[in-house]
Amino acid sequence: MAIQWFPGHMNKARKDVTERLKDIDVVIELLDARLPASSANPMLARMAKGKPRLMILNKQDLADPAITEQWLAWYRAKKQTEALGMDAGERAPAQRLIAACRALAPNRSGLEKPLRVLICGIPNVGKSTLINSMSSRKIAKTGNMPGVTKNEQRIILADDFELYDTPGMLWPKIEVEEGGYNLAASGAVGRNAMDEEEVALELLKYLLLHYRAELAARYKFDVEALDGMQDWQALELIGKRRGAVLSGGRINMQKAAEIVLTDFRDGQTGRITLERPAEWLEWEKRAKVLAAERAILREEKLKEKEGRKQGSR
């Protein structure tokens, strides 16, 4: 199942961001530290090409700290790019962000040349909460559902520092399948655009590979019992342990999936990161091969269709 979610207000946001970028000096992109590459918007990267960028790995307190360091180094190695890790509930983060943005655009300062910064991010990445912390007062709406912010906001953080907030925005086509599942697991995708049981199974598959100890601790398993266990078996066992049982002893897999996803999103499963830089490169490479194969098939079908048309004349 391919995960895709691009409702109408996101298309409007894309147009608004394109227009606003003409006057912007620095772009802040807020990423989910648990899925740094999956939550990086390739559409924004193209739109903001040539602009200095500050990548914020938000919710790092929920992510695997060793893997977060790998991702910070990954982004810092890119041109005109700085990267910072940030906790979901960090207090007074404004000075750190302002200093990082000023370093990226040192020629912009003073009332005559105010630094203009655009902050973007996927839905439910914690952008509104961060903005409220930065401004020391509640400006942006917050919520645990994707798509809370719908309109652009302008926030003055200093006399010569203007911050423009934008609605949470995905992109029209998610090419990397694993990235789509990770976005869905994080809560960035609307529920009507995914099968929660399938997303939970993909999440469990990754946890069984990389985070068996955390999985066992959360659901009171014996770690050794997880050896060779399949994702669906783990989901069934979690459902049984958590009382998601239907009449006749059948497991309510939908309820079990909701438990797994909620525990991950709330950080109850432990400090988990769903991708490493090397893994992402492999996923991206595979996605490009599949896209090329699909393009060839489409071309062949078009030629076949055209051939049938000509033959019927």
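Return a yes/no flag: does the range 200-209 have any residue that is touching a residue at least 40 places away in the same chain (Cβ under 8 Å) and of a type in the set (Phe, Trp, Tyr). Spell out how you get there, then give the answer.
Restricting attention to the range 200-209, the residues satisfying the condition of being touching a residue at least 40 places away in the same chain (Cβ under 8 Å) are 200-201, 203-204, 206-207.
Then keep just the ones that are of a type in the set (Phe, Trp, Tyr); that gives 206.
Within the range 200-209, one or more residues are touching a residue at least 40 places away in the same chain (Cβ under 8 Å) and of a type in the set (Phe, Trp, Tyr).
Residues in the range 67-82 that are hydrophobic (A, V, I, L, M, F, W, C) and either in contact with a helix residue (DSSP H, G or I) (Cβ under 7 Å, 6 or more places away or on another chain) or not assigned by the TED database to the domain that holds PRO36 (or both) were compared, and the one that is surrounded by the fewest Cβ atoms within 10 Å (Cβ to Cβ) is TRP74. One residue alone among GLU178, GLU197 is under 14 Å from the mean Cα position of the chain (by Cα), among the acidic types (Asp, Glu) and more than 30 Å from SER109 (Cβ to Cβ), and that residue is GLU178.
For every residue, the table says whether it meets (1) in contact with a strand residue (DSSP E or B) (Cβ under 6 Å, 6 or more places away or on another chain); (2) buried (at least 17 other Cβ atoms within 10 Å of the Cβ); (3) in contact (Cβ under 8 Å) with a residue 12 or more places away in the chain; (4) not assigned by the TED database to the domain that holds TYR206.
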site	(1), (2), (3), (4)
ASP222	no, no, no, no
TRP232	no, no, yes, no
LEU237	no, yes, yes, no
SER247	no, no, no, no
THR262	no, no, no, no
ARG276	no, yes, yes, yes
ALA291	no, no, yes, yes
GLU304	no, no, no, yes
GLY307	no, no, no, yes
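Tell me the residue from LEU215, LEU201, LEU207, LEU226 that is in the same structural domain as GLY243 (by the TED database) and more than 20 Å from GLU275 (Cβ to Cβ), please.
Details: LEU215 fails: more than 20 Å from GLU275 (Cβ to Cβ); LEU201 fails: more than 20 Å from GLU275 (Cβ to Cβ); LEU207 fails: more than 20 Å from GLU275 (Cβ to Cβ).
Result: LEU226 is the single residue among LEU215, LEU201, LEU207, LEU226 that is in the same structural domain as GLY243 (by the TED database) and more than 20 Å from GLU275 (Cβ to Cβ).
Those strands (runs of 3 or more DSSP E) of the range 83-179 in which at least 2 residues are open to solvent by less than 40 Å² (accessible area, probe 1.4 Å), among the charged types (D, E, K, R) and at pLDDT 80 or above, considering only elements entirely within it, cover 161-165.
The values are calculated or read from the model by the stated rules, or taken from the named source; none is laboratory data. Note that the structure is a prediction, hence the values are computed from the model and not measured. Neighbour counts are summed over all protein chains in view; Cβ atoms, including those assigned to glycine, are modelled from backbone coordinates with ideal geometry. Protein only, heavy atoms only, side chains kept; ligands, DNA and RNA dropped before computing areas. Shrake-Rupley method; radii C 1.70, N 1.55, O 1.52, S 1.80 Å.
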